[in-house]
Each structure stands twice: as structure tokens, then as C-alpha cells.
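One structure is given here, and the rest of the page talks about it.
The values are calculated or read from the model by the stated rules, or taken from the named source; none is laboratory data. Predicted, not measured: the structure shown is a model, and the values here were computed from it. So basically every Cβ, Gly included, is an ideal-geometry build from the backbone, and we count neighbours across all protein chains shown.
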Amino acid sequence: MATLKDKLRQEIQEHRPRTAKLTKEFGNVVIDQVTIGQAIGGVRDVRCLVTDISYLDPFEGIRFRGKTIPEAYAALPKAAGGEYPTVEAFWYFLLTGDVPTQGETDEVIAEFKTRAKVPSYVFDVLRALPKDTHPMVMLSGAVLAMQRESKFARFYNEGFNKNDAWAPMYEDASDLIARLPEIAAFIYRYKYKRGDIIPSNSELDVGANFAHMMGIPKPYDDVARMYFTLHSDHESGNVSAHTTHLVASALSDAYYAFSAGLNGLAGPLHGLANQEVLGWIQGFRQKLGGEEPTEENVRKALWDTLNAGQVVPGYGHAVLRKTDPRYMAQREFCLKHLPDDPLFKLVSMIYQVAPGVLMEHGKAKNPWPNVDAQSGVIQWYYGVREFDFYTVLFGVGRALGVLANLTWDRALGYPLERPKSVTTEMLEKWAAEGGRKL
Ligand code: HAX
């Protein structure tokens, strides 16, 4: 049986002529234009990034390698006794676009075990930080601290060869994905469980081992598998994916690039929104002072937030124009496993009320919930109530998508990213002339 790396090598060889032909023969074909609004307004909707790993349709939501979330979950091999695909199967799928067999999945599980050992100095770095350091700083710092392990950096220093650069990038990506769960669980137990660290169990797949290291019984193994895979990729323009890609475009290795991506994920408009959602809910409950939440007092709290000039966390999206299928996937889990949980009921009530409020407010282009509106509920239910940790879980999952992308970036020789700036005066001139003369 060909290993994942062999299979990838073959796919890369097959894919390269397609990219080369597009660049050489069709490089001047126009696929988009840029308005002044887009240049000032965060480059929304400008088609200028290429990835085959996932695609986000505004009205359908995410497809991973052409499959919707339910399709991908139905197709991929599950963990024994679990309802969700293993992280390892998902990684194979994101990298190659093919659904692995059980045997191929088991090979990745075995391969990850050989890569999973976190160097001890990483834990020393984490222990040296003050305990009240934000867990995202800890995660990003741990990844950056491991840069000396980079096989890509060694490859570059020993004589870089563009043709083969994907292979050490694949090595770094696989090492990082195998190690991140232990680092994340360490951060959790070190910070919130008096440093009572549970050692990794090399018998287990990534999801089950993470649950074990967190000290949380089943079905948290499936929760971990669902979380890490749902959060893996959302095409390439979101802040964490784009930052990772941008930094690596300078031939920085995966450690530098992913650490930078994590710093972007830690922004409240991006991945930190899952923490913000729980913060908002706690604030709301405190104001109620024991009174039962009703649609009426939820509506009032939402308006209070908007009238204070703040955003409603967990709602809205730069691309999506419907309820995020990642929200729905987690909601389905809740309906099955925790239908009567008070926090789930409150989040469901917010879902009933918030879209109408946001529509009436009239600013947000998308009044529907995104992935972050629902993700804290499940963690809270299984005892992870330290909600500033939630973005770390997002970060571990996000590694799958962005690191699969970096491997392909190197395989297809994507160059240094370097968009062009203009000045305000130029914009004013082109505005007066009705557009820039091309
Ligand atoms: N509450 C209040 N106002 C909102 C809003 C919300 N949830 N979502 C958008 N708006 C406002 C924007 O702030 C903007 O106001 P201004 O014109 O005053 O600047 C206006 O509506 C238009 O924004 P938009 O075009 O609809 O949205 P953007 O593409 O600019 O921003 C965001 C997308 C996700 C950042 C935005 O919807 C938001 O701030 N949401 C709340 C934070 C959040 O949930 N972030 C997580 C998003 C998913 C994700 O990346 N997860 O990691």
C-alpha cells in the first residue's frame, strides 16, 4: 500500500502541469476586478487566492474537497465505536482529496504516533509564562518555540530546491498536527487544573488521545474529532488561513507561518469569537440575576449590545449569507446528546431572536450565526468552562486546513505574495475619472 506521502507525491506530479498551463497560457485571462470599496474595505469577494482544499459558497457553506460536511462525515472512516471520522482520516482527505480506506487511515494513525513526541523544552517555555497568559499566546508561543525542529528550514539551509520543497513542508505539517493536541491539553491542564498533566496514550487516535489528556470521558473523543475537523478549513481568505499562507510565501517554515496564523485566529472578529460568545452569555445571565431568560429579555440584551456600538459575537460572516453549516453540525450534536441543557436552550433561543434583531438593525450583511455561536455550548457541557481556552481548540483544528494548504503551496511553487498599494490621492483621482485607465 502506498503511504500518504507517496500518494501525495503522485498527485502533485499530476497536478503541476495544470497550474503551469494556467500560468503560462492563460496568465492574462481576467477573473475579477477591484473597486475602491473593496480596496478600502478588506478585499471582500476579490477572487485572487487559489486552493483546492475547500471552497466556501455564500449560500451553501463550506465544502471540503467537494464534499459538504454531512457528505464528508458519511464518507470517511470512523474511529472504532465513534460516530465521527478520525482526525487522521480527515487529514488524508484534505491533503489528497481522496477518501482513505480503513487501512490507509490506520497508517496515518501509526505515522502520527511516530511524530507525536513534543520536545520537553516546549513545556519549559510554557511553564516559564505567567499563568494568566492567554492560552492563545501559549499555543502560538509553543509552536514558534518548536521552529528549531523544522525540516523545511533545514532543507532550505542545506540547499533549497523548489521542486522538492513540498516534502519537508509535509514533514513539518505532519509533525505539527501530531503534536498540537498534546500541547493544547498541556496548556489546559497546566493553566486550569493545577498543572496536573495527564501523559499522552500512544494507543489512541488523535481525538481519543486528546480527550484522554484533557481528562474528559467519552463521548469527548468524538467531540474532539468533530471540533478539529469542523474547524479545519474555510477556504483561503480568512485571517488565519491567509496569514499562514502569506507568511509561508516568504519561504518561512510551517512553524513561523502557523504561529502567525494563530495570532490572527486570536482576534475577536475571527476565532476568539467563540470565547466572546460565552462571555456575552455570562454577562447576560448576570444581568438577569436569576430571572429566566425569555425571548423578550434576549432581544433587549442584543439591542443593548448593538446600541453600545458592539458586535453580537457569533453572528455575521464576511462570506456566508446563511446559517453556517458548521453551526448546524454542532447543533445536531447538541440535539442528540444534550437537548435539555440550559445553555443549549439559551443559545437556541438567541438563534430564534438574533437574526431578526440584526436584520432590523440593518448593518450586518449576514444576520445568521457562524461556527462560533454554538461551539462553546458543547465544551461547557463536558466541563471545559474556561472559555478563554476555546480558541485553542479552534487553532488545533485549523492546523489541518492551513498546513494541508502550505504543503500544496510549496508543491505548486506559489510565489511570494505581494499585492500592490495605492494612495488615497490616487483613489480620489480615479474616482473623479470614473475608474483607473488600464
Ligand atoms: N453584530 C453587529 N454588527 C455587525 C455584526 C454583528 N454580528 N456583523 C456585522 N456587523 C456590522 C459590521 O461591524 C459592519 O459595521 P460598520 O459598517 O459600522 O463597520 C457592518 O455590519 C457590515 O459588516 P459585514 O459586511 O456584514 O461584515 P464584515 O464582513 O465586515 O465582518 C464579521 C464579518 C464576522 C467580522 C462580522 O460579522 C462580525 O463582527 N461578527 C461578530 C464577530 C464574529 O462572530 N466573528 C466570527 C466570524 C466567523 C469566524 O471567522 N470564525 O472564526
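Below, the figures for the structure above:
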| quantity | calculated |
| --- | --- |
| Of all residues in region 284-314 being more than 11 Å from the ligand (Cβ to nearest atom) and aliphatic (A, V, I, L, M), the one that is surrounded by the most Cβ atoms within 10 Å (Cβ to Cβ) | A301 |
| Test set (1) assigned to a helix (DSSP H, G or I); (2) in contact (Cβ under 8 Å) with a residue 12 or more places away in the chain - S200 fails condition number | (1) |
| Residue selected from region 315-329 under the condition within 17 Å of K365 (Cα to Cα) and of a type in the set (G, A, S), by the criterion farthest from the chain's Cα centre (by Cα) | G316 |
| Residue under evaluation L251, criteria (1) within 20 Å of N370 (Cα to Cα); (2) touching a helix residue (DSSP H, G or I) at 6+ places or on another chain (Cβ under 7 Å); (3) not small (G, A, S), criterion not met | (1) |
| Qualifying residue in region 154-166 (condition: small (G, A, S), modelled with pLDDT of 95 or more and under 21 Å from V118 (Cα atoms)) | no |
| Residue within region 226-246 that is surrounded by fewer than 23 Cβ atoms within 10 Å (Cβ to Cβ), within 23 Å of the chain's Cα centre (by Cα), modelled with pLDDT of 95 or more and hydrophobic (A, V, I, L, M, F, W, C) present | yes |
| Residue in region 318-329 that is buried (at least 23 other Cβ atoms within 10 Å of the Cβ), at pLDDT 95 or above and part of a helix (DSSP H, G or I) present | yes |
| Selection within region 57-69 - outside any strand (DSSP E or B) and surrounded by 18 or more Cβ atoms within 10 Å (Cβ to Cβ) | R65, I69 |
| Single unsatisfied condition, F152 versus (1) under 30 Å from K78 (Cα atoms); (2) surrounded by 22 or more Cβ atoms within 10 Å (Cβ to Cβ) | (1) |
| Enumeration of residues in region 12-39 that are in a helix (DSSP H, G or I) and of a type in the set (S, T, N, Q) | Q13, T19, T23, Q38 |
| Of the criteria (1) part of a loop (DSSP other than H, G, I, E, B); (2) at pLDDT below 95, which one G434 fails | (2) |
| Residue match in region 364-376 (condition: within 28 Å of K218 (Cα to Cα), hydrophobic (A, V, I, L, M, F, W, C) and either within 16 Å of the ligand (Cβ to nearest atom) or part of a helix (DSSP H, G or I) (or both)) | yes |
| Residue match in region 186-205 (condition: modelled with pLDDT of 95 or more, buried (at least 21 other Cβ atoms within 10 Å of the Cβ), under 26 Å from F93 (Cβ atoms) and not charged (D, E, K, R)) | no |
| Boolean, V277 is surrounded by fewer than 19 Cβ atoms within 10 Å (Cβ to Cβ) and in contact with a Gly (Cβ under 8 Å, 6 or more places away or on another chain) | no |
| When residues of region 328-355 are limited to those that are touching a residue at least 40 places away in the same chain (Cβ under 8 Å) and within 14 Å of the ligand (Cβ to nearest atom), the one nearest to R385 (Cα to Cα) | V347 |
| Some residue of region 70-86 being of a type in the set (F, W, Y), exposed (fewer than 14 other Cβ atoms within 10 Å of the Cβ) and part of a loop (DSSP other than H, G, I, E, B) | no |
| Tabulated pairs, region 409-424, first closer than 12 Å to L246 by Cβ, second among the aromatic types (F, W, Y), C-beta under 9 angstrom, 6+ apart or interchain | D409/W166; Y414/W408 |
| Single match in L400, L416, L406, L393 (criterion: within 30 Å of K5 (Cβ to Cβ), assigned to a loop (DSSP other than H, G, I, E, B) and of a type outside the set (K, R)) | L416 |
| Unique residue being within 30 Å of D409 (Cα to Cα) and within 11 Å of the ligand (Cβ to nearest atom) when the list is L269, L251 | L269 |
| Leading residue by the ranking (surrounded by the most Cβ atoms within 10 Å (Cβ to Cβ)) among those in region 5-25 that are under 21 Å from T105 (Cβ atoms) and without any contact (Cβ under 8 Å) to a residue 60 or more places away in the chain | Q10 |
